[in-house]
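All remarks here apply to the structure that follows.
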Amino acid sequence: MPMEVDQPQTTTPRISAGDFVLIRMPSTNTKIVCMKPGTTISLGKFGSFKADNLIGQTFGATFEIQKDGKIIAQAPTAFDNADDTEANNKEINDDPTSQKMTFEQIEELKLKSIAGDVSAKEIIDSLTENNASFEKKTEYAKSKYIRRKERKFMKAFTPIEPTVFNLCGYFFEVNPGKIRGIRPDTLSQLLSLANVYSKARVLTVDDGQGLIAGSLLSRTTSEGMVFAMHDGDVSNYDVVRYMKLSPEDKERLRTLPWHRLDHEMTPFTEVLPENPTEKDISGYERRKRGHARLASNLETLRAGEFDALVISTNYNVVSVIKRLLPYVGGSRMVVVYSQSEETLIEAFDWMRHSPEFLNVQMTESWLREYQASCSAPSHVLPEDA
Amino acid sequence: MGMFHEYKTTISAGDTVIIYLTPDSMYPLTMTPGAVQNNKFGSFKHDDMIGSKFGTKMRSHTGRGFIYLLHPTPALWTQVVPHRTQILYLPDISFISSYLDLRPGKIMIESGTGSGSFSHSIARTIAPTGHLYTFEYHELRATTAKQEFEEHGLSDMITMEHRDVIANGFGKTDLADAVFLDLPAPWDAVKAAKEALRKDTIGRICCFSPCIEQVQRTAVALNEHGFSDIRMYECLAREHEVRSAPVPDIETAIGGEKVNFKMSKSDRNKKRKLEAGSAEPSGEESAKLPEVLVSKPTDITRGHTSYLTFAILAPVDQQ
Ligand SMILES: C[S@@+](CC[C@H](N)C(=O)[O-])C[C@H]1O[C@@H](n2cnc3c(N)ncnc32)[C@H](O)[C@@H]1O
């Protein structure tokens, strides 16, 4: 008998207040913004809109920006990044002499458009009407021309869900150093190889500002846990805050500074002074909580039997594994990511010769994106090349 | 309970254990009291395995060698699954899972089930609150997969239906967060996929096709049915080999010594030690040539190259 399943609780179908959202603009550039109620979100030359108008909408639709910061959902377009590099290029390249409008006239239209007095469609209509060669183009070339102009003048955007995959792609584009250069395909493999699942207790070292720690969180539930080792006194897992995780989910990220790894707890002995001020009390309470948290985290780590060890570190990999392996259960996965093979070779060789590990492998993920258009079946080209 | 979607510590009767001999020699074994397992390392009693811990290293009764009793995981299963069809391998499985944002609680539809290689990974990722509806029109494959899911403790998470999804659709409406199609003509199932996807939020689809003509037809169908953001990828993993290579100082050659660069490390050191004889003060030390670890990618990549076509379905509100 197939079981009837309740609607999942982990998926919030709509954009809600306080969410971070990736905003893809017609230029295909993407920026990350917070949906703070009452704020106005500016997309530069692509206009600005009120966050309140996007709250409650769905991800993935494309919205056109109206004059007053209102937004209207558009019919979907299949190929947002259709390329211009194909054989038909000669037809769609603008011949500057065929445009009857002057540079100044076009600039004026653009300014009006930014002010919201003229819509993108109106600009594009005047461009095509005044373009002597437009009517001679094939239908395919016409649509390409229009799409290119849209990308330039459309005041539209697409809100993209900050999934682990999309966030990884975003940071890889804008700031790869922050996430230690991990690509979405590589992160995907790391998550599968580590065998993360709802109840898994995962031990991790993530010196890439929490992208990995956060993705481990998103693949576990209240019965699982992510335990992260960090250098310094306080952790920096900035990427986690962009993920759509509940406060309870974020609670499941337990952290411990490396310099506490061998720490022996002593009882909390501090006493409040007589007639304590408010400040005394709050400081005392904070230190007491910190002490309790450290004790509990150390206890959790030392209970060991973690279900996976996932590492992306600036430190020597072998030294990290040696220190953490005692806390990992038997027949579990150890996965190490590095952007450069050189830092992994030593670890690979060491693991291969150690009786503690089986089936040691070193792999490199390889990804290629292709572009295809629905109208021209012969035009499938690799993205890079 | 638990197994493919949850670790357990001790092996019990009925469990699937991955028997590991070497990296190239692994196979699944169902623990059956009284049974005996023979392989090139000797014979092993299931009764000895039952009650031991996952990860145990076990010597054969004849003492010829060791096996390891590994805990099953979906990734290992993909390496040992009996092939009834072409299967998905880990690079694609991983990439699709995170592109489709699979995680606990998600509802997923898959067709065809084939050998169930991908189904195991999906179930592990969306368990325990999510659900996989998987469809296969080949009756024997459907029955075999259903039985495997049961043996692997996955039947709570997977509904296996014997059904032709092109002729009859999925029989599901407004339900799934994601759909995966690995069929010869995925474009014919796009309409049914649209119907099955949730209407209140973004839906995601992935179609797997070995040739680019199929990709084109799929893209056309997706476009016609209002899917957007159509993207195509090819995803592989290349394995790298590491070995230590001798890099002797040129003085070695100037001194007239011949180094055999092709010989294995231990043979080379043995030979040098022999040649050096007892005249050398510390034979062991001087026999070693300076070495560096070098790596190179292996040529062959597991699995055939295929294309992944992704798209999203964004509900546009009636306004
Ligand atoms: C390549 S296999 C899928 C392999 C699977 N992804 C795995 O990882 O093991 C394709 C399967 O689709 C099934 N199939 C083909 N057409 C179908 C249809 N119309 N309805 C249901 N299943 C179908 C085939 O019988 C075959 O088992």
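FYI, it's all coordinate maths here, none of it is from the lab. In this text the structure is predicted, and so the values were computed from the model without any measurement. Please note: Cβ atoms are built from the backbone with ideal geometry, for glycine as well, and neighbour counts cover all protein chains shown.
The table below lists the values:
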| quantity | calculated |
| --- | --- |
| For the stretch B:127-171: rounded, prolate or oblate by the Cα gyration tensor [a/c cutoff 1.5] | oblate |
| Positive-pole candidate from A:48, B:118, A:255, dipole of the protein assembly as shown, charges at beta carbon | A:255 |
| Where only alpha carbons of the stretch A:244-352 are counted, the Rg and the Dmax (Å) | 19.0, 63 |
| Chain B shape via C-alpha gyration tensor axes, a/c threshold 1.5 | oblate |
| Inter-centroid distance (Cα atoms) of the stretch A:305-370 relative to the stretch A:243-263, Å | 21 |
| All-pairs alpha carbon distance profile, the stretch A:164-384, 5 Å steps from 0, percent | 1, 6, 13, 16, 17, 14, 10, 7, 5, 4, 2, 1, 1, 0, 0, 0, 0 |
| Among the listed pairs A:70/A:144; A:70/A:152; A:45/A:67; A:110/A:136; A:70/A:250, those beyond 24 Å (Cα-Cα) | A:70/A:144; A:110/A:136; A:70/A:250 |
| Table column - 3J(HN,Hα) (Hz), the stretch A:275-281, Karplus curve with 6.51, -1.76, 1.60, x for Gly and Pro | 6, x, 7, 4, 5, 4, 5 |
| Shape box of the protein assembly as shown [Cα atoms, principal axes, largest first, Å] | 94, 79, 73 |
| Other-chain or far-sequence residues with amide H under 5 Å of residue B:158's (modelled H) | B:132 |
| Options A:246, A:344, A:176, ranked by Cα towards positive dipole end of the stretch A:164-384, top entry (Cβ charges) | A:246 |
| With Cα atoms, 0 to 90° folded angle of helix A:184-193 axis to chain A main axis | 30 |
| Efficiency of FRET from Cβ geometry, residue A:303 and residue B:274, R₀ 60 Å, rounded to 0.05 | 0.70 |
| Between the stretch A:151-200 and the stretch B:176-213, the Cα center-to-center distance that results, in Å | 22 |
| Theoretical FRET efficiency, 1/(1+(r/R0)^6), r = Cβ-Cβ of residue A:231 and residue B:162, R0 35 Å, to 0.05 | 0.05 |
| Average beta-carbon neighbours from other chains, 10 Å sphere, peptide B:89-99 | 6 |
| Spacing of the two label points (7 Å from each Cα toward its C-beta) at residue B:291 and residue B:250, in nm | 2.5 |
| Rounded, prolate or oblate (a/c below 1.5 giving rounded, otherwise prolate when a/b exceeds b/c) for chain A by Cα gyration tensor | prolate |
| Principal-axis tilt of helix A:103-115 within chain A, Cα atoms, nearest 10 degrees | 50 |
| Eligible aspartates and glutamates near residue B:8 by straight Cα distance, threshold 14 Å, same-chain separation 8 or greater | A:305, A:307 |
| Set of lysines with alpha-carbon distance to residue B:40 below 18 Å, sequence-local pairs under 8 removed | B:57 |
| Other protein chain Cβ atoms within 10 Å, averaged over every residue that makes up B:218-231 | 5 |
| Given charges at Cβ of Lys, Arg, Asp, Glu: the stretch A:200-250 dipole, positive-most of A:237, A:212, A:222 | A:222 |
| For the stretch B:37-53, 3J(HN,Hα) per residue [Karplus equation, 6.51 cos²θ - 1.76 cosθ + 1.60, θ = phi - 60°, Hz, x = Gly/Pro] | 10, 10, 8, 5, 8, x, 10, 9, 8, 4, 4, 6, 6, 4, x, 8, 7 |
| As computed over the stretch B:16-72, the Cα convex hull volume per residue (Å³) | 69 |
| Calculated from backbone phi, Karplus (6.51, -1.76, 1.60) coupling profile of the stretch B:253-261 in Hz, x at Gly/Pro | 6, 4, x, x, 7, 9, 9, 8, 6 |
| Helix B:212-224 axis, angle to chain B major axis (alpha carbon atoms, nearest 10°) | 30 |
| Average beta-carbon neighbours from other chains, 10 Å sphere, peptide B:170-177 | 1 |
| FRET efficiency, 1/(1 + (r/R0)^6) with R0 41 Å, evaluated for residue A:346 and residue B:150 via beta carbons | 0.40 |
